[in-house]
Amino acid sequence: MNQLLDKLKAADKRMIRISRGVQILYLIMVPLYAIFYIWNPGGEMNLYERLGGGVIVIALFCFALIFRLRIKRLKSVDYALPTTQMLAEATKRFKLWKPELKWALLTAALMDIGVSVSSYNHLEETAPWTRVVEIQYIMIPALLIGLGIGIIWWHFKYKPLRDHAQKLLNELTAE
């Protein structure tokens with residue numbers, strides 16, 4: 001049990017460190033993209049590029065908020081709770097499909113909309129839906145690759161912790 005507890009604490013610290021780094025990256029990107037897409041000192045951007053850029057900036061800010069909430073949740077983990085409650089919370093915390101993933105996917109869709117709108121005039125003169133579909137040839141595979149890498153990462157790093165916590169929880173509640 002102590003070994004699992006040490007591994008859970010180490011994993012939580014690692015997730016806080018990674019989440020903080022990613023949050024800082026997004027917080028740096030928000031003003032840079034805002035300057036580039038919205039303010040743009042060159043003034044050569046059209047309305048589509050500015051609107052799409054604004055949506056991208058909003059999506060980047062939403063990602064930063066998602067990571068901020070994740071950090072806040074991870075910092076509030078209480079290992080002094082009764083064993084069954086602590087294990088139940090660890091099992092929830094280390095599961096793959098959690099509510100924050102839903103928000104991250106919605107924010108990724110918002111990012112896709114922003115990229116689609118900002119790239120709209122850069123594509124060949126074709127039907128509007130054809131232009132949007134052309135952008136999806138890049139965006140959807142990029143999202144699926146990122147999601148696949150995340151699932152593989154979870155499978156090797158966090159699934160064993162979740163399974164071990166679940167096993168101990170099942171043993172304790174069966175008694």
Q) Of K13/K167; K7/K95; K98/K157; K95/K167; K72/K167, which ones are farther than 21 Å apart at the Cα? A) K13/K167; K72/K167
Q | Size-normalised alpha-carbon gyration radius of the stretch 1-103, reference 2.2 N^0.38 Å | A | 1.48
Q | Solvent-accessible area per residue for the stretch 56-107 (1.4 angstrom probe, square angstrom) | A | 58 Å²
Q: At 7 Å along the Cα-to-beta-carbon direction for both Q3 and A174, put a label point, then send me their distance in nm to one decimal.
A: 1.9 nm
Q) What full-extension length gain, to one decimal in nm, is calculated for K95 and I140 as 0.36 nm per residue of separation minus the Cα-Cα distance? A) 13.8 nm
Q. For the chain, how big is the tail of P(r) above 24 Å, as a whole percent of Cα pairs?
A. 50 percent
Q: Return the carbon/sulfur percentage of the accessible area of the stretch 19-79, one whole number, probe 1.4 Å, all protein chains in place.
A: 70 percent
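The values are calculated or read from the model by the stated rules, or taken from the named source; none is laboratory data. None of the values given here were measured: they were computed from a predicted structure. Every residue, glycine among them, receives a Cβ derived from its backbone with ideal geometry; neighbour counts consider all protein chains shown. Side chains are part of the model used for accessible areas, which takes the heavy atoms of the whole protein and leaves out ligands, DNA and RNA. Shrake-Rupley method; radii C 1.70, N 1.55, O 1.52, S 1.80 Å.
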